[in-house]
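First up is the structure itself, then whatever we jot down about it.
The values are calculated or read from the model by the stated rules, or taken from the named source; none is laboratory data. This is a predicted model, so every value here is computed, not measured. When we count neighbours, we look across all protein chains shown, and the Cβ atoms used for this are built from the backbone with ideal geometry, even at glycine.
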Amino acid sequence: MSRIGFYHLTRSPLESALPKILGKALGAGNRCLVLCGSKERVAALDALLWSFDPDSWLPHGWSREGNPELQPIWLSDADENPNRADVLVLIDSMTSEKLDSYARCIDLFDGHDEAALDAARQRWKTAKEAGHQLEYWQQDEKSGWKLAQ
């Protein structure tokens, strides 16, 4: 079973939180797959990861560029794992049929969107029933993360 962390975005948007989370995962030696809701979202995140901080860079790719095996971060709108990621990052209320193939899953959801909250609750319930190890993370005052008890 996978360890799944549900990350409740309340203080910063996905576009601020995702690069930080990916940077920490890469710093820990992980490879990541970000599962997006559309090709347009993939393209937008590709642009974001090139420009979010002029003093850093997150090596990544997507189907337009090819060579997934060379990319520590792969952006996709398909439930695939072409870069042999060990961390799956779910955004846009996406789900995966392959959770067991990842050591860790990070499920990011917008705390200001009622539909996103309802969808996250359903994913939590489904993952719990499947026997996954679940964690619930909340943003603190500085947009950092703390594990809720």
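A few remarks follow.
- Note on the stretch 1-52: residues that are outside any strand (DSSP E or B), in contact (Cβ under 8 Å) with a residue 40 or more places away in the chain and in contact with a helix residue (DSSP H, G or I) (Cβ under 6 Å, 6 or more places away or on another chain) total 2.
- Number of the exception - residue 138 against (1) outside any loop (DSSP other than H, G, I, E, B); (2) within 14 Å of residue 7 (Cβ to Cβ); (3) modelled with pLDDT of 95 or more: (3)
- The stretch 113-129, subset hydrophobic (A, V, I, L, M, F, W, C) and in contact with a strand residue (DSSP E or B) (Cβ under 9 Å, 6 or more places away or on another chain), residue surrounded by the fewest Cβ atoms within 10 Å (Cβ to Cβ): 117
- Number of the condition not met by residue 144 [criteria: (1) in contact with an Asp or Glu (Cβ under 9 Å, 6 or more places away or on another chain); (2) without any contact (Cβ under 8 Å) to a residue 24 or more places away in the chain; (3) of a type outside the set (D, E, K, R)]: (1)
- Residues in the stretch 1-54 that are under 12 Å from residue 108 (Cβ atoms) and in contact with a His (Cβ under 6 Å, 6 or more places away or on another chain): 4 only.
- Where residue 126 falls short, out of the listed (1) part of a helix (DSSP H, G or I); (2) touching a helix residue (DSSP H, G or I) at 6+ places or on another chain (Cβ under 6 Å): (2)
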